[in-house]
Amino acid sequence: MRRIIIDADKCKGCKNCSMACIKAHKSSDATLAFADPQFESRNTILLNGEKKYKPLFCRHCDKPACATACMSGAMIKDPKTGHVIYDRDKCATCFMCVMSCPFGVLKPDRMTNTYVVKCDFCAEHGSEPSCVKLCPTKAITAKEVK
Amino acid sequence: MKHVIIGAGAAGISAARTLRKQSAVDEIVMIATDRLAYSRCMLHKYIGGERDEKGISFVEEDFFESNRIRFCSDRTVTKIDTSNHQVCFADGVESYDKLLIATGAESFFPPIPGLKGAKNVFGLRDLVDARAIKSQGSKAKHVVVIGAGLVGLDVAYGLLEMGKKPTVVEMADTILSSNLDASAALTYQMKFEEAGCMFKLGCKVEGVLSDASGQVSAITLGDGSQLNCDLLVVASGVRPSIGWLADSGIVCERGVVVDNYLATNIANVYAAGDVTGLSESWPNAVEQGEVAAQNMLGMPNEYTDTFSLKNTIHFFGIPSLSVGRLNGKEGDVEESREDRKRYQKVILRDGIPVGVILQGDISRSGFWQQLIKNKVDVSGRSKDIWKVSFADSYGIEDNGEYKWLFD
Ligand SMILES: Cc1cc2nc3c(=O)[nH]c(=O)nc-3n(C[C@H](O)[C@H](O)[C@H](O)COP(=O)(O)OP(=O)(O)OC[C@H]3O[C@@H](n4cnc5c(N)ncnc54)[C@H](O)[C@@H]3O)c2cc1C
């Protein structure tokens, strides 16, 4: 399967990845702005105690805890692509997936709490992750992994 | 090899998936009282009319065909004959090489005088219950729910959606007392009350009264008062479904006793999910089903993640999460913060988080379970507890997955 490989040491915290993610998934024509709650990025960049950047991206885990926790069949690991895909219509918004993601990647949508904000590997953009395309330092790259 | 799974809930289905994934040739048979594979966690959405029977399924439409599973639905197993390697039901038997007991749990009806035998009294565990509550609820004038835990509130929520105004009676002084602290519980209580639900808290049900035809007509409370009632839903906990195993030779305590490999005392017989009494939650049942299936296939695997003090709640657009301890004990340190939209509390013991409650905003909060489960000392990290995250334990595997680095 393909996974976004992270080299945290190369991350400069520019947040181009988050902007790219918002842009790739936005449905309205409104101007992009981080502060506007209708725009939410699936990825983010954490800071650790030593003020180092630690990019937080869905790993599409081999054993996804979010999918194990899902009681509606909305979150499943696609056997073909290996990606963990999310079906908003099936989702019962119990948010067990949010609690179960060991790394704290998932979240309910900020405006309505009616769906889970989840990386889809830019399926609608030919499964070429938009964040990767816009990363200026190559801290994130999409690679085939076993 | 022929695998037989009793039960088509979270554990049974996940076991079947695992068996098929690992073995293309083994025969798989599932037997269940249920007619369909559906998620009981969505039964309140069925009662409330938000979803139909199909809408509460948690498997693909062609799950049984595409995985080549023979599904014997609407069949209740009454006995396991371990010496002849077969399970028995009313109209036949099914032989097995490996057997998985995944019969879940059933509603517990407390020994309240007059409750047993009264008509129009239900639990909420399966679709049959949900259907009964829905159809009787549409006619009922005075609906009472006993128990303000998650299931009791699910029932109340479904009934509110139907336009009913149920009364919920609870022995504890707060609702959701095993899931939230008093402050977070009150938020939901007020929302339920705004929607028309009534609560009688700190109240014990002393008796159930029926009319001449045996229909429930009222309940009496510890304070001597009476509540009219023509539909009673009992949501005071569950017990593993083991009654039918009485003469099987399979050792049971609270639930079916299993070892770390989820094997019972009888060779080739395994158990997973609520029936083991190890947990009462969906994720744990799924995990156990998977582990049991691997052991049934002769791929030894231990069930290690027994942590089950965790839950999420979502009513009226307000999500909550709780992991571990809900209220601090002597010597614990509590940190909390609150604003118009959220309430958050962490309980620490010697620098180690032992409990967290988040309400209103549960964004990117999954790491808390890891900190609590793995007893990670966070005292050397950011002074601001709300800045703690995965970042300070950030590790990456060769295949690009994350891993927790514990110091
Ligand atoms: C209303 C409600 C809401 C819930 N909400 C949540 C939630 O939000 N989060 C959460 O984590 N958990 C929740 N739970 C708990 C969760 O549903 C269970 O933990 C989970 O379903 C356990 O899975 P299981 O496979 O062990 O058992 P079950 O899902 O109960 O499946 C048992 C299966 O065994 C079958 N069966 C039983 N006896 C026999 C027999 N003798 N012969 C043949 N078949 C038999 C049944 O028909 C069924 O198919 C909820 C439960 C209820 C009732």
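The values are calculated or read from the model by the stated rules, or taken from the named source; none is laboratory data. None of the values given here were measured: they were computed from a predicted structure. No Cβ is skipped: glycine too gets one built from the backbone with ideal geometry, and neighbour counts run over all protein chains shown. Side chains are part of the model used for accessible areas, which takes the heavy atoms of the whole protein and leaves out ligands, DNA and RNA. Shrake-Rupley method; radii C 1.70, N 1.55, O 1.52, S 1.80 Å.
The residues in segment B:77-99 that are more than 21 Å from B:Asp26 (Cβ to Cβ) and outside any strand (DSSP E or B) can be counted, and the count is 3.
Scan segment B:135-163 residue by residue and report those that are of a type outside the set (A, V, I, L, M), assigned to a helix (DSSP H, G or I) and away from the ligand (no atom under 13 Å from the Cβ). Talk me through it step by step, then tell me what you get.
Filtering segment B:135-163 for residues of a type outside the set (A, V, I, L, M) gives B:135-139, B:141-142, B:147, B:149, B:152, B:154, B:157-158, B:161, B:163.
Adding the requirement that they be assigned to a helix (DSSP H, G or I) leaves B:135-139, B:152, B:154, B:157-158, B:161.
Hits for segment B:135-163 are B:Ser135, B:Gln136, B:Gly137, B:Ser138, B:Lys139, B:Glu161.
Filtering segment B:238-285 to residues that are open to solvent by 40 Å² or more (accessible area, probe 1.4 Å) and either in the same structural domain as B:Gly137 (by TED's automatic domain parsing) or within 15 Å of the chain's Cα centre (by Cα) (or both) leaves B:Arg239, B:Leu278, B:Glu280. Examine segment B:43-61 for a residue that is more than 22 Å from the chain's Cα centre (by Cα), outside the structural domain of B:Ala156 (by TED's automatic domain parsing) and either at pLDDT 95 or above or surrounded by fewer than 16 Cβ atoms within 10 Å (Cβ to Cβ) (or both), and state whether such a residue exists. Checked segment B:43-61: at least one residue is more than 22 Å from the chain's Cα centre (by Cα), outside the structural domain of B:Ala156 (by TED's automatic domain parsing) and either at pLDDT 95 or above or surrounded by fewer than 16 Cβ atoms within 10 Å (Cβ to Cβ) (or both). The set of residues in segment B:94-124 that are surrounded by 14 or more Cβ atoms within 10 Å (Cβ to Cβ), of a type in the set (Ser, Thr, Tyr) and away from the ligand (no atom under 12 Å from the Cβ) contains only B:Tyr96.
When restricted to residues that are open to solvent by 10 Å² or more (accessible area, probe 1.4 Å) and β-branched (Val, Ile, Thr), segment B:7-42 contains 3. Of all residues in segment A:68-92, those satisfying the criterion of being at the interface with chain B (Cβ under 9 Å from one of its Cβ atoms), in contact (Cβ under 8 Å) with a residue 24 or more places away in the chain and open to solvent by 20 Å² or more (accessible area, probe 1.4 Å) are A:Thr68, A:Cys70.
Considering only segment B:310-341, state which residues are within 14 Å of another protein chain (Cβ to nearest Cβ), at negative phi and without any contact (Cβ under 8 Å) to a residue 24 or more places away in the chain.
B:His314, B:Lys341
Exactly one residue among B:Asp259, B:Asp230 is away from the ligand (no atom under 14 Å from the Cβ), away from every other protein chain (no Cβ under 14 Å) and closer than 26 Å to B:Met1 by Cβ, and that residue is B:Asp259. Within segment B:230-267, the set of residues being acidic (Asp, Glu) and under 30 Å from B:Ala140 (Cα atoms) comprises just one member, B:Asp230.
Checking each residue in segment A:1-20 for being away from chain B (no Cβ under 14 Å) and either in contact with a strand residue (DSSP E or B) (Cβ under 6 Å, 6 or more places away or on another chain) or open to solvent by less than 80 Å² (accessible area, probe 1.4 Å) (or both) picks out A:Cys14, A:Asn16, A:Cys17, A:Met19, A:Ala20. Taken as a whole, segment B:388-396 holds at least one residue that is more than 8 Å from every other protein chain (Cβ to nearest Cβ), touching a residue at least 12 places away in the same chain (Cβ under 8 Å) and either crowded, with 19+ Cβ neighbours inside 10 Å or not in a strand (DSSP E or B) (or both). Do the conditions hold for B:Ala32, that is, is it more than 14 Å from every other protein chain (Cβ to nearest Cβ), modelled with pLDDT of 95 or more and within 12 Å of the ligand (Cβ to nearest atom)? So B:Ala32 fits the description; yes.
Residue-wise test of (1) within 11 Å of the ligand (Cβ to nearest atom); (2) farther than 27 Å from B:Lys345 by Cα.
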| position | (1), (2) |
| --- | --- |
| B:Ala263 | no, yes |
| B:Ala267 | no, yes |
| B:Ser279 | yes, no |
| B:Asp305 | no, no |
| B:Phe316 | no, no |
| B:Leu326 | no, no |
| B:Lys329 | no, no |
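Based on what the data block shows, is A:Lys54 charged (D, E, K, R), at the interface with chain B (Cβ under 8 Å from one of its Cβ atoms) and in contact with a strand residue (DSSP E or B) (Cβ under 9 Å, 6 or more places away or on another chain)? Yes: the conditions hold for A:Lys54.
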